[in-house]
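First up is the structure itself, then whatever we jot down about it.
Throughout, read-outs are computed from the coordinates displayed, never taken from laboratory work. Just so you know, these numbers come straight off a predicted model, no measurement behind them. Here the Cβ positions follow ideal geometry from the backbone for every residue, glycine too, while neighbour counts run over all protein chains shown.
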Amino acid sequence: MTSPDLSVVIPVYNEEDGLSSLFARLYPALDLLAAELGMSYEIIFVNDGSRDHSAAVLAEQFKRRPEVTRVILFNANYGQHAAIMAGFKHVRGEMVVTLDADLQNPPEEIANLVRTMRQGYDYVGTIRKNRQDTWFRRTASQAMNGLRQRITRIKMTDQGCMLRAYSRSIVETINSCNELNTFIPALAYTFSNRPTEIEVLHEERHAGDSKYSLYQLVRLNFDLVTGFSIVPLQMFSLLGFGLALISAVFVAYLALRRLIFGPEAEGLFTLFGIAFFLIGVLLFGIGLLGEYVGRIYQQVRERPRFLIQAILEAQKDT
Ligand code: UDP
Ligand code: MG
């Protein structure tokens, strides 16, 4: 296999039911693209420690199309982003497209990404046209989009869609970062010279269930915010400063009152109310600090992000 023009990286976790329909659309779409634009491609599947038969299904597909297929097998589940990072470390193409395995991103859209890249962009993001997710997911992700935009200066209309194209140099820069809990589309955006966005279709999941629970979505968004900005910490110290000012006024008022009207014993529960509120703020602040400290801790240990069990690929010619 010589260096192809395009590498498609697909993380796979418990997708055995959907993989065959993915193959049935992905390969023809890429073959057509290759014929039309005269470009070669490779597909890198990263099996993220699936507990079903996804690995076997991938191995079979590798046997069917060994010249354009490569399969990286993890020994355990390290998460979608680790899987994509592993794929990035092994890409050979000049252009890299990431895609979900669940067919929520139609493989036919890869052609549009490639055409847009060829106009001289080095990062093509995507906006999902009539997104097929639950109302809750849509609203929550809109809210997070807005918050992220304000505090990280990363401009993405739709951060959730993984169907994206990157130039090889962006991918290499990401590889050299060695970040642990990162959010790839955002990290890539910060390295791009000429980013753009296009609209893509979005479909319902064809088989299997979403791998993200509410908790994991919340975690992902924490990664996104704390990984790209210390604004939360700064906001918190501002809040602390504001509260200290208010308390100072309050104390001065109480002192004056004490001098003029004498001691007081009422208002006990008001005091409790204020104290509980402040304790809440404090705990939030400690938690926030913990987010950053935890990330530092994970980063300094420098443990490998994932372990690769095996790689299925055709022997190189040269
Ligand atoms: N995925 C993965 N490892 C995980 C979770 C998910 O490789 O721990 C893959 C999954 O197989 C799919 C993609 O990441 O290809 C997106 O997952 P999913 O469709 O469940 O996420 P959603 O569309 O609900 O955001
Ligand atoms: Mg999905």
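Worth pointing out:
- Each Cα pair under 8 Å and six or more residues apart adds its separation to the average, and for segment 75-190 the resulting relative contact order is 39 percent.
- Where labels lie 7 Å past Cα in the beta-carbon direction, separation of Q216 and V249 in nm: 4.7
- Tilt relative to the chain, helix 214-228 - C-alpha long axis, 0 to 90 degrees, to 10: 80
- Loop sites in segment 52-159: trypsin sites (Lys or Arg not before Pro), DSSP, at most 15 other Cβ within 10 Å: K129, R153, K155
- Pairs of lysines in the chain (C-alpha under 30 Å apart; 8 or more residues apart or interchain): 9
- For the chain, the longest principal axis of the alpha carbon atoms and the long axis of helix 80-90 meet at an angle near 50°.
- Gyration tensor (alpha-carbon) shape descriptor, segment 1-106, a/c threshold 1.5: prolate
- Per-pair calculated FRET efficiency, R0 = 51 Å: V293 and A34 via Cβ, rounded to 0.05: 0.60
- Sum of -39500 (n - 2.57) over DSSP H runs of 4+, divided by residues of the chain (222 nm, nearest 500): -18000 deg cm²/dmol
- Report note on the peptides 258-264, 211-217: ranked by the mean count of other C-beta atoms within 10 Å, highest first, their order is 211-217, 258-264.
- Placing a pseudo-label 7 Å from each Cα along the Cα-to-Cβ vector at F269 and R65 gives an inter-label distance of 6.9 nm.
- Karplus-based coupling profile of segment 294-301, in residue order and whole Hz: x, 5, 4, 4, 5, 5, 6, 5, with θ = phi - 60° in 6.51 cos²θ - 1.76 cosθ + 1.60 and x standing for Gly or Pro.
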